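A.B. asks: Pasting a structure below so you can have a look.
The values are calculated or read from the model by the stated rules, or taken from the named source; none is laboratory data. Every value quoted in this text rests on a predicted model; they were computed, and no experiment measured them. Neighbour counts run over all protein chains shown; Cβ positions are idealised from the backbone, glycine included. Please note that ligands, DNA and RNA were not included when accessible areas were found on the heavy atoms of the full protein model with its side chains. Shrake-Rupley method; radii C 1.70, N 1.55, O 1.52, S 1.80 Å.
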Amino acid sequence: MKKNATLFFCQNCGYESAKWMGQCPGCREWNTFAEEPKAPSVKGRSARAAELREPVSLGEICSDDQERLKTGIAELDQVLGGGIVPGSLVLVGGDPGIGKSTLLLQVCRVLSERLDRILYISGEESLQQIRLRAARIGEFSPALKLLCETNLADIEAIVLKMKPQMIVIDSIQTMYQESISSAPGSVSQIREATGVLLRLAKQQNIAVFIVGHVTKDGTVAGPRVLEHMVDTVLYFEGDRHASYRILRGVKNRFGSTNEIGVFEMTDRGLCEVANPSEYMLSGKPEGASGSVVVCVMEGTRPMLLEVQALVCRTNFGLPRRTAAGMDYNRLNLLMAVLEKRLSLPLSGYDAYVNIAGGVRMSEPAMDLGLVLAIISSYRDIPVPDRTIVFGEVGLSGEVRAVSMAQQRVQEARKLGFTRVILPESCLGQIKDSSGIELAGVATVKDAMAALQRTKNQS
Ligand code: TYD
Ligand code: MG
């Protein structure tokens, strides 16, 4: 009997099955199975025997070929962990129109001044379209070659002939292999395509950047298997209506994933934002109640953000609460803490809370800032200018210590802030507090008092 030439693949997570199923046992999604031909099997064992390799000890591996390639875009280098590693496979994911193609074209532009051969392969745009985009970005060196191609076998042949030092594949969902009859973008195509690129990257020592589209629920479209195969996964995110973009490392075999890079989309492509705090705080109103500057850490990097709250009497029995840029349940929890510990009658008030600039943050160190923004708006007393706030708030109204207090204080000082409201237990961590007044608080009650004290002083 002829063996099944097709299999069923979950289009969401890549789960394989011999028969169709309504629900995927892997990711529990419904109706995601599609029939696809089986991928051609890899070379048999007998054919491979000739190329058996000797196992080696760590000391025998020479490591000097791991020289990193600096892109010259400092924010990107930081996220990559110090530059591009030759022979690595980097996946760049993000919503459509966020600027993935633009970023990679800019990387190619900077690198083409130092490398001899770079290949940018586009399966989505025509050469004319790329040229139009390139014209906005700037001058390009002839070392950058462009190619519109979606057939992987052809791409492989061209790469082997041209021997580029770096390749960009825009995007993996448009690439296809003729030996697989399913449509481009399907699980088996993406898996095969990535396999081919992985082999090229490792064998020829080429750095490969792959663009991957993101689905509605925020994962790279197609199988998660893509994320397992590559060395580095970067997500490009941001509000499409705001001009800043955040590049976040999600997985990195050559560095930490704590780093983020901040960019701004301008009419001449993406620009680095070297000082995100200053950028996020531009346009902060002076002397307005309900506006508080908080300090959150993104990996090892402190960032100052403005939290805004608007608290007003509710017209209905059920108060309305909205939280933009933070966890909705966290907001409700903090309001319950205020109601109970400070006896504020907040259940009769609507609350709208927002992080300015369209960022999303979930660090608990933001709690104290949120609490003060709500109190400030409720009492209609502005938080004094030049003050930043950080600290975690517990259920009994206590203000708990957070990590890296010294870095946060330093960031505040760098941007000209003169006063910090922080957990009392963090005071010991601060070695250098010159030029900045530290107000340690132990409970939310203290924090409220600290707020009023400064009001009376000013
Ligand atoms: P693009 O890089 O094509 O995004 P992706 O590849 O992630 O889908 O999207 C770029 C968007 O940015 C597009 O909507 C136009 C805009 N843009 C600028 O504002 N300035 C520029 O200089 C360029 C090149 C693009
Ligand atoms: Mg694109």
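A.B. asks: At a 1.4 Å probe, what is the % contribution of carbon and sulfur to the accessible area of the chain?
C.D. replies: 51 percent
A.B. asks: How large is the dipole of the chain about the Cα centre if only Lys and Arg carry +1 and Asp and Glu carry -1, each at its Cβ, rounded to the nearest 20 debye? Spell out each step's value before the answer.
C.D. replies: Working: 52 positive and 51 negative charges, 109 e Å.
Result for the chain is approximately 520 debye, rounded to the nearest 20.
A.B. asks: Among Gln452, Gly269, Leu119, whose Cα sits farthest toward the positive end of the charge dipole of the chain (+1 at Cβ of Lys/Arg, -1 at Cβ of Asp/Glu, about the Cα centre)?
C.D. replies: Gln452
A.B. asks: Here's something else I'd like to know. Express the C-alpha Rg of region 187-332 as a ratio against the empirical globular expectation 2.2 N^0.38 Å, rounded to two decimals.
C.D. replies: Dividing the Cα radius of gyration by 2.2 N^0.38 Å gives 1.39.
A.B. asks: Out of all Cα-Cα pairs in region 310-401, roughly what percent, to the nearest whole number, are more than 20 Å apart?
C.D. replies: I get 32 percent for the Cα pairs in region 310-401 exceeding 20 Å.
A.B. asks: What figure, in Å² to the nearest 10, do you get for the accessible area of Trp20 with a 1.4 Å probe and non-protein molecules left out?
C.D. replies: Accessible area of Trp20: about 130 Å².
A.B. asks: Could you pull out the pairs from Lys161/Lys202; Lys70/Lys163; Lys145/Lys251; Lys70/Lys251; Lys284/Lys414 whose alpha carbons sit more than 23 Å apart here?
C.D. replies: Pairs exceeding the cut-off: Lys145/Lys251.
A.B. asks: Send over a whole-number figure in Å² for the accessible area per residue of the chain, probe 1.4 Å. Don't skip to the answer; put the middle values down first.
C.D. replies: Working: 21850 Å² over 458 residues.
Solvent-accessible surface per residue comes out at 48 Å².
A.B. asks: Then there's this: When the gyration tensor of the chain is built from Cα positions, what are the square roots of 5 times its three eigenvalues, in whole Å, from largest to smallest?
C.D. replies: Values for the chain, descending: 49, 27, 21 Å.
A.B. asks: Accessible area, 1.4 Å probe, largest first: how do Thr387, Thr300, Thr266 sort? Could you put the intermediate results ahead of the total?
C.D. replies: Working: Thr387 10, Thr300 80, Thr266 45 Å².
Highest to lowest solvent-accessible surface, that is Thr300, Thr266, Thr387.
A.B. asks: Continuing with the same structure: Can you compute the helix-only [θ] at 222 nm over the chain? Use -39500 (n - 2.57) per DSSP H run of at least 4 residues, normalise by all residues, nearest 500 deg cm²/dmol. Present the calculation step by step, with values, prior to reporting the outcome.
C.D. replies: Details: 12 runs with 126 residues, N = 458.
Mean residue ellipticity, 222 nm, calculated: -8000 deg cm²/dmol.
A.B. asks: Assigning unit charges at the beta carbon (Lys, Arg +1; Asp, Glu -1) and nothing else, what dipole magnitude in debye, to the nearest 20, does region 123-268 show about its Cα centre?
C.D. replies: With Lys and Arg at +1 and Asp and Glu at -1, about 260 debye.
A.B. asks: Follow-up. Considering the zone a paramagnetic label at His228 would reach in this model (a point 7 Å from Cα along the Cα-to-Cβ line), which residues of region 242-274 have amide N under 20 Å from it?
C.D. replies: 250-254, by backbone N distance to the label point.
A.B. asks: Now, a different point. Based on Cβ point charges of +1 for Lys and Arg and -1 for Asp and Glu, what charge dipole magnitude is obtained for region 283-394 about its Cα centre, in debye rounded to the nearest 20?
C.D. replies: Result for region 283-394 is approximately 200 debye, rounded to the nearest 20.
A.B. asks: Another one. I need the Debye-formula profile for region 279-457: one equal scatterer per C-alpha, no solvent, reported as log10 I(q)/I(0) at q = 0.17 1/Å, two decimals.
C.D. replies: Normalising to I(0) and taking log10 leaves -1.02.
A.B. asks: With all protein chains present and a 1.4 Å probe, how do Glu75, Glu363, Glu124 order by accessible area, largest first?
C.D. replies: Solvent-accessible surface, decreasing: Glu124, Glu363, Glu75.
A.B. asks: Which residues does the label zone of Asp385 cover in region 413-456, counting backbone N under 14 Å from a point 7 Å along Cα→Cβ?
C.D. replies: 416-419
A.B. asks: Have a look at Ser182, Phe9, Ile167 and report the one farthest towards the positive end of the charge dipole of the chain, computed about the Cα centre with Cβ charges (Lys/Arg +1, Asp/Glu -1).
C.D. replies: Checking the options against the dipole of the chain, the answer is Phe9.
A.B. asks: Same structure, new question: Under a Cβ-Cβ cut-off of 14 Å, what is the net charge of the residues other than Glu392 that fall near it, where Lys and Arg count +1 and Asp and Glu count -1?
C.D. replies: -2
A.B. asks: Hey, could you get me the Stokes-Einstein D for region 285-349, Kirkwood radius over alpha-carbon pairs, 25 °C and 0.890 mPa s, rounded to whole µm² s⁻¹?
C.D. replies: Estimated diffusion coefficient is 179 µm²/s.
A.B. asks: If you average the alpha carbon positions of region 191-212 and of region 311-366, how far apart do those two centres end up, in angstrom?
C.D. replies: A separation of 47 Å, based on Cα centres.
A.B. asks: Just reorder His213, His228 by solvent-accessible area, largest first, 1.4 Å probe, all chains present.
C.D. replies: In descending accessible area the options line up as His228, His213.
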